[in-house]
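Taking it in order: structure first as structure tokens, then the write-up.
The values are calculated or read from the model by the stated rules, or taken from the named source; none is laboratory data. If you're wondering where the values come from, they're calculated on a predicted model, not measured in any experiment. No Cβ is skipped: glycine too gets one built from the backbone with ideal geometry, and neighbour counts run over all protein chains shown.
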Amino acid sequence: MTRLLREVFSPALEFVRNFGAMVLFFVQLLRYTPWTFVRRFGLVVGQVYNAGALSIVIIMVCGLFVGGVLGLQAFANLERFNAEEATGILAAFALVKEIGPVITALLFAGRAGTALASEIGLMKATDQLSAMEMMAVNPMQRVLVPRFLGGVISVPLLTAVFTMVGLLGAHLVAVELLGVDVGAFWQQLQQAMDVEDVYEGIIKSIVFGVVASLLAVWEGYSAVPTAEGVGRATTRTVVATAIAVLILDFMITASLI
Amino acid sequence: MRQNLAVEIGTGLFVLLGIGALFFLTTQTTGRNDFAGTDTYTVQARFENVGSLKTRAPVAMSGVTIGRVTNIEFDGESLEAVVTLVIDRRFSQIPDDSDASILTAGLLGSQYIGLQAGGSELYLEEGSEILFTQSAIVLENLIGKFLVKSGSDE
Amino acid sequence: MGPSGTGKTTLLKLIARQLYPDRGQIIVDGVDIATLSQRELYELRKRFGMLFQNGALLTDMSVFENVAFPLREHTNLSDRLIRLVVLPKLHAVGLRGAAELMPSELSGGMARRVALARAIVMDPDILIYDEPFVGLDPISMGVIARLLRRMNDALGISSIVVSHDIKELAEVSDRSFLISDGHVVAAGTPDELRNDQSDMVRQFMHGLPDGPVAFHYDAPDYKQQLLGTHK
């Protein structure tokens, strides 16, 4: 009986402990954020390049095709009601409020999050973080916070690019391919959308950026310092980010409606 | 810090692209700022019933958007809805006896205000009021009338 | 020195306060380091140089930048001055020519020599070596051992070396401590240790397979297990 209890509770306890450690780690990150941002701005810029600029191609390609598919689906269904002009509204709402922030966060986890986690995990496994500490350099300021900030800055920008390219994709499919009137497409879209709708997307992208970056840096930092441990950390980064982003997406949407 | 050139240029381009995209999304996909930068003048119109007219609905003349609804209020004394419109200053020669009606774009589309030119020599200007207005056609009322009418025909 | 798993690396980490002691005191240069604040600790660590088992070079920087790293972090020296400080250290370990290589292009011995150059670049008072000879071929081992000794004498610093390589250590050390099971079991010059008659010291110094450190891992009685009476 006690064995059964222990088998049920110890993973739960382990999860809670892990979560608590991550929250404390997050507080540490935030504590060093202002100093790092001001004094080590160059490092942050380098990480914006790693996390953001290097992800831009994948973001744009995916955005284009996701937007195109939205255009196709919206058109195919709206055509039945003779409302093809509303294709733009549908694609824009889906992109700006949901698909843009969520897919960008997932792509970021896959492209940049895994790279961050494995890089930090390897630095730990090869004693580089300890070596820094022994050289009286705080790895928090030198390694972790710049990477965290690089992600936090990159994700909202990537989301904006994804959404914009997605709209372009929807435009290409609906207007150029299926013959929706270009004026109707954009005018209806502009009339239907509020600035608040765009803000909702921006809020989501900021939250997702913080969460995805935190999880990547945390999984790398808390990885078991072996080859196997680093491998597992990268997997956990993607899984944890996907779950967290989808749950938070629901919660944010629910709280804003 | 020593960054190499490619990193700096790449980061710069990326951030500029991102900010450009944000700007695009906030300005080009929403209707709010259409007339924000341009020179406009404000007029008012009173309606018995505005139906489902919303702020930011377009004001059109001959089918071309020339302004926006910026405010809808209820006047407790006259028991009418007071609608405030801003109109682009380029269209400053609208006769002051023009009439404003609330129309619907398509069968189930959103509502907008259509202006029909009058014949007066005087023009609408800042603060003037459009006197001739026609309320929104409320679909339920219309159907009701139609049913009564078709009933009495038999 | 001491057999594997007896707490040598733990001891080093305690001295550098990478680990926090559960109880007791660690006195470095007259101060109990367990009582230091983080800022004081970092000040103290600037006087430490540490060589990690595999070198622990920062993989995203060239050899030159690795050695320059502590200078860039702690001083505002101009690039020219940094060159003036870094190149002699690289020359001392014989790798001035490899300054522009990346750590991934170095052999194990070279990486450790670069790490040594990095450890001395801030002119530390205490140098700590964690298993400097592990996994090296005899030539690299000899090079490191000789460098180690020469650094120590030329710079006038204290070196702490953790190793289980008796021969190399005997050549370079002034005083050795044999640790077993978390305790110092013998101390003295290499010669004294070699002639020590206690079982533990003899087993370790001469590499005997069986002795106080048993050949067999704890196991139930052999006969019983074979016959299946013990699960």
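Kindly provide the set of residues from region B:10-26 that are in contact with a helix residue (DSSP H, G or I) (Cβ under 9 Å, 6 or more places away or on another chain) and either modelled with pLDDT under 80 or aliphatic (A, V, I, L, M) (or both), ordered by number.
B:13, B:15, B:17, B:19, B:21, B:22, B:25
Consider residue C:63 against the criteria (1) at pLDDT 80 or above; (2) crowded, with 18+ Cβ neighbours inside 10 Å; (3) within 10 Å of chain A (Cβ to nearest Cβ); (4) within 30 Å of residue C:96 (Cβ to Cβ): it satisfies all of them except one. Which criterion is unmet?
(3)
Only one of these is in a helix (DSSP H, G or I) and either in contact with a Ser or Thr (Cβ under 7 Å, 6 or more places away or on another chain) or touching a residue at least 40 places away in the same chain (Cβ under 8 Å) (or both): A:19, A:65. Name it.
A:65
Could you tell me whether residue A:57 is of a type in the set (A, V, I, L, M, F, W, C) and surrounded by fewer than 18 Cβ atoms within 10 Å (Cβ to Cβ)?
Here the answer is yes, as residue A:57 does meet what is asked.
Please verify whether region C:105-117 includes one or more residues that are within 14 Å of chain A (Cβ to nearest Cβ), touching a helix residue (DSSP H, G or I) at 6+ places or on another chain (Cβ under 9 Å) and exposed (fewer than 15 other Cβ atoms within 10 Å of the Cβ). Lay out the reasoning, then the answer.
As a first pass, look at region C:105-117 and keep what is within 14 Å of chain A (Cβ to nearest Cβ): C:106, C:108, C:111-112, C:114-117.
Of the ones still in play, those that are also touching a helix residue (DSSP H, G or I) at 6+ places or on another chain (Cβ under 9 Å) are C:106, C:108, C:111-112, C:114-117.
Subset that is exposed (fewer than 15 other Cβ atoms within 10 Å of the Cβ): C:108.
Yes; the residues of region C:105-117 include at least one that is within 14 Å of chain A (Cβ to nearest Cβ), touching a helix residue (DSSP H, G or I) at 6+ places or on another chain (Cβ under 9 Å) and exposed (fewer than 15 other Cβ atoms within 10 Å of the Cβ).
Restricting to helices (runs of 4 or more DSSP H) lying wholly in region C:110-208: which have 1 or more residues that are at negative phi and modelled with pLDDT of 80 or more? Before the answer, list the steps.
Numbers: elements: C:138-155, C:166-172, C:190-194, C:199-206.
Where helices (runs of 4 or more DSSP H) fall fully within region C:110-208 and carry at least 1 residues being at negative phi and modelled with pLDDT of 80 or more, they are C:138-155.
How about region C:96-105: which of its residues are assigned to a loop (DSSP other than H, G, I, E, B) and at pLDDT 85 or above?
Within region C:96-105, C:100, C:101, C:102 meet the criteria.
Read through the list (1) assigned to a helix (DSSP H, G or I); (2) at the interface with another protein chain (Cβ under 8 Å from one of its Cβ atoms); (3) farther than 30 Å from residue A:70 by Cα, then give the number of the only condition that residue A:136 fails.
Among (1) assigned to a helix (DSSP H, G or I); (2) at the interface with another protein chain (Cβ under 8 Å from one of its Cβ atoms); (3) farther than 30 Å from residue A:70 by Cα, the lone unmet condition for residue A:136 is (1).
Does residue A:102 meet the test of being within 10 Å of another protein chain (Cβ to nearest Cβ) and of a type in the set (Val, Ile, Thr)?
The answer is no for residue A:102.
Which of the residues spanning region A:32-54 are of a type in the set (Lys, Arg) and surrounded by fewer than 16 Cβ atoms within 10 Å (Cβ to Cβ)? If you could, list the steps in order and put the result at the bottom.
Narrowing region A:32-54 to residues of a type in the set (Lys, Arg): A:39-40.
If the condition is that a residue be of a type in the set (Lys, Arg) and surrounded by fewer than 16 Cβ atoms within 10 Å (Cβ to Cβ), then A:39 is the only one that fits.
Provide a single number: the residues in region C:1-38 that are within 14 Å of chain A (Cβ to nearest Cβ) and in a strand (DSSP E or B). Give the steps one after another, and end with the answer.
Going residue by residue through region C:1-38, those that are within 14 Å of chain A (Cβ to nearest Cβ) are C:9-10, C:12-20, C:28, C:33, C:36-38.
Adding the requirement that they be in a strand (DSSP E or B) leaves C:28.
Final tally of qualifying residues: 1.
Tell me yes or no: at least one residue of region A:122-132 is facing another protein chain (nearest Cβ under 9 Å), in a loop (DSSP other than H, G, I, E, B) and out of contact with any strand residue (DSSP E or B) (no Cβ under 7 Å at 6 or more places or on another chain).
Yes, some residue in region A:122-132 is facing another protein chain (nearest Cβ under 9 Å), in a loop (DSSP other than H, G, I, E, B) and out of contact with any strand residue (DSSP E or B) (no Cβ under 7 Å at 6 or more places or on another chain).
Do we have residue A:231 as touching a Pro at 6+ places or on another chain (Cβ under 6 Å) and over 22 Å from residue A:146 (Cα atoms) here?
So residue A:231 does not fit the description; no.
Can you tell me which of (1) crowded, with 17+ Cβ neighbours inside 10 Å; (2) touching a Phe, Trp or Tyr at 6+ places or on another chain (Cβ under 8 Å) is the one residue C:187 doesn't meet?
Among (1) crowded, with 17+ Cβ neighbours inside 10 Å; (2) touching a Phe, Trp or Tyr at 6+ places or on another chain (Cβ under 8 Å), residue C:187 violates only (1).
Identify, from the list C:157, C:128, C:144, the residue that is of a type in the set (Val, Ile, Thr), touching a strand residue (DSSP E or B) at 6+ places or on another chain (Cβ under 6 Å) and crowded, with 20+ Cβ neighbours inside 10 Å.
On the way: C:157 fails: crowded, with 20+ Cβ neighbours inside 10 Å; C:144 fails: touching a strand residue (DSSP E or B) at 6+ places or on another chain (Cβ under 6 Å).
The match here is C:128.
Under 7 Å between Cβ atoms, at least 6 apart or on separate chains: pull out the pairs that start in region B:119-130 with a residue that is closer than 10 Å to residue B:41 by Cα and end on any residue that is modelled with pLDDT of 85 or more and of a type in the set (Phe, Trp, Tyr).
If the second residue must be modelled with pLDDT of 85 or more and of a type in the set (Phe, Trp, Tyr), the pairs left are B:125/B:41; B:126/B:41.
Select, from A:166, A:179, A:183, A:201, the only residue that is within 8 Å of chain B (Cβ to nearest Cβ), closer than 30 Å to residue A:75 by Cα and of a type outside the set (Phe, Trp, Tyr).
Details: A:166 fails: within 8 Å of chain B (Cβ to nearest Cβ); A:179 fails: within 8 Å of chain B (Cβ to nearest Cβ); A:183 fails: within 8 Å of chain B (Cβ to nearest Cβ).
Going through A:166, A:179, A:183, A:201 in turn, just one is within 8 Å of chain B (Cβ to nearest Cβ), closer than 30 Å to residue A:75 by Cα and of a type outside the set (Phe, Trp, Tyr): A:201.
Find the residue count for region B:34-57, including only residues that are modelled with pLDDT under 75 and either aromatic (Phe, Trp, Tyr) or exposed (fewer than 14 other Cβ atoms within 10 Å of the Cβ) (or both).
The number of residues fulfilling the criteria is 4.
Hey, residue B:67 hits all of (1) assigned to a helix (DSSP H, G or I); (2) in contact (Cβ under 8 Å) with a residue 12 or more places away in the chain but one; which does it fall short on?
(1)
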